[in-house]
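The values are calculated or read from the model by the stated rules, or taken from the named source; none is laboratory data. Quantities reported herein were computed from a predicted structural model and do not represent experimental measurements. Positions of Cβ are backbone-derived with ideal geometry, glycine not excepted, and every protein chain shown enters the neighbour counts.
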Amino acid sequence: MSIGIVGTGISGLHLALGLRQSGLDATLYSAQGPDDLRGGPPLNFVTRFASTRARERELGLSAWESSEFDNPWMHVTVEAPGGPSFRARLPEPASSVDFRIYLAALLEEYLRRGGNWIRRQVAGRGDLLRLAERHELVVVAAGRGALTDTFPRDPARSPHDRAPRHLVGGLFHGVRPPDPPGMTMHMVPGAGEIHAPTYHSMDGRVTVVLVEAVPGGPFAELTDRDQREDPDRFAKELLGLITAYAPTLRARIDERAFALTRPVDLLRGSVVPVVRRGWARLTDDRFALAVGDAWITNDPITAQGANLGSALAFQLADELRGTPGPYDETFCRTVSERMWATAQPVVDWTNLFLGPPAPQLGTLLAAAADDQRVADAFVARLDRPHAMWRCVRGPDGTAEFIEEARAVRSTP
């Protein structure tokens, strides 16, 4: 069999490395090489949870095993008078490494292992048709641009027709890590969220500050203007916003040192969460299968996008190992539905957090602030989407989750 893989995000690279490890014939296509990946602006700020790190170990990737790259704690604060606040240690540390560094290193490792890579811009259906002449199956793992038109939006699984958050952020000096070190999420009712994880980037250990603004809310003035023209002004305005709305984050900032690490280290944009049809017919007997962002695009509010992309890549690699072909409509439809069972809890959980405040979420956050056992159980589920969805999808599930968490004997 011969597989063509389009895209060098986490899904494409984990799939390519997995197939290479199994001795299967695959060719990776992208317009960007390692130096291109390192040199551009950030497209996202990713935290990789323990399950993704375990998959990396399966692939023989060990570059980020040192505790230097770890984020072992999660801090959550509702920035409002009397708002709940809690922290909990993850069962196993997460890792936050600049994805430009991470993806470039994975592509270099794939090449070092003898993997096939062709530098080519694959920009639309015509390009996919040409790949279909060379490969029995084309896997599209590139989630931006005209390629996604090949996979139409699935309206039954895509409740959003516009971006529920507008984003702006960057990598910053001058922010002290939380105590104990880890990730922080500051929720501002009616305005949005501010994420501030400790991060390893080109300048070593820095801090991401990412604002997710509710359109039309008090954060929108910052997110809706192109900040790339004046990065210094952006840092000052961001500090003012943090001072006004997130005092617990402001307490960690040294005003004199607070600045973007480099002008290029700024991200601005918005995400329309969408689930597309998972496969497409290219010719009478050739098909394209979507994975990662080409299939499902999530807002970063729950920090699940890259972790889901890795999980789906591994699931698809297992399907390909077990099926020598043909990669026909039945195969694509069956595999897509199996992968949807993995993806659906992440999609539903993310959409819930993006919507109007659900009463059960307020109940859950208050219980976590009141009882460390609930906080520990909640944070543990950040890496268990099926379990997380069961505990947040409705009031009954949340009440059951809180009761079960409180029944656990506290560790001395």
Query raised in the report: Name the residues in region 368-412 that are modelled with pLDDT of 95 or more, among the small types (Gly, Ala, Ser) and farther than 17 Å from Pro72 by Cβ, would you?
Result: Ala368, Ala369, Ala387, Gly394, Gly397, Ala399, Ala405, Ala407
**Report entry** Identity of the residue in region 27-48, part of a strand (DSSP E or B) and either modelled with pLDDT under 95 or of a type in the set (S, T, N, Q) (or both), that ends up farthest from Ile10 (Cα to Cα)
**Finding:** Thr27
Query raised in the report: Within region 58-67, is there a residue that is outside the structural domain of Arg113 (by TED's automatic domain parsing), assigned to a strand (DSSP E or B) and of a type in the set (A, V, I, L, M, F, W, C)?
Result: no
Requested in this report: Give region 23-53 a look and list any residue that's aliphatic (A, V, I, L, M) and more than 19 Å from Leu210 (Cα to Cα), or say none.
Outcome: Leu24, Ala26, Leu28, Ala31, Leu37, Ala50
Query - Unmet criterion (only one of (1) farther than 23 Å from Asp299 by Cα; (2) small (Gly, Ala, Ser); (3) in contact with a helix residue (DSSP H, G or I) (Cβ under 8 Å, 6 or more places away or on another chain)) for Ser96 - result: (1)
Query raised in the report: Inside region 264-381, counting only strands (runs of 3 or more DSSP E) that do not spill past its ends, which hold 1 or more residues that are in contact (Cβ under 8 Å) with a residue 60 or more places away in the chain and of a type in the set (Lys, Arg)?
Result: 266-270
Report summary line: Over region 234-256, the set of residues closer than 20 Å to Leu266 by Cβ, part of a helix (DSSP H, G or I) and either of a type in the set (A, V, I, L, M, F, W, C) or at pLDDT below 95 (or both) is Phe234, Ala235, Leu238, Leu239, Leu241, Ile242, Leu249
Query raised in the report: Could we say that Ser51 is surrounded by fewer than 20 Cβ atoms within 10 Å (Cβ to Cβ), polar (S, T, N, Q) and not in a helix (DSSP H, G or I) here?
Result: no
Report task. State yes or no: is Val206 under 25 Å from Leu90 (Cβ atoms) and not small (Gly, Ala, Ser)? Result -> yes
Report summary line: Cβ pairs under 7 Å, 6+ apart or interchain, first in region 98-125 and in the same structural domain as Pro41 (by TED's automatic domain parsing) and at pLDDT below 95, second among the polar types (S, T, N, Q) and crowded, with 18+ Cβ neighbours inside 10 Å, ordered by first then second residue, are Arg125/Thr150
Report task. Select, from Arg225, Arg256, Arg268, the only residue that is among the basic types (Lys, Arg) and either out of contact with any Gly (no Cβ under 9 Å at 6 or more places or on another chain) or crowded, with 20+ Cβ neighbours inside 10 Å (or both). Result -> Arg225
Query - Candidate set from region 79-110 (those that are in a strand (DSSP E or B) and of a type in the set (Ser, Thr, Tyr)); member that is nearest to the chain's Cα centre (by Cα) - result: Ser95
Query raised in the report: Does region 138-189 hold any residues that are free of Cβ contacts under 8 Å to residues at least 12 places away in the same chain and either assigned by TED's automatic domain parsing to the domain that holds Ala311 or surrounded by 22 or more Cβ atoms within 10 Å (Cβ to Cβ) (or both), and which are they?
Result: Pro155, Ala156
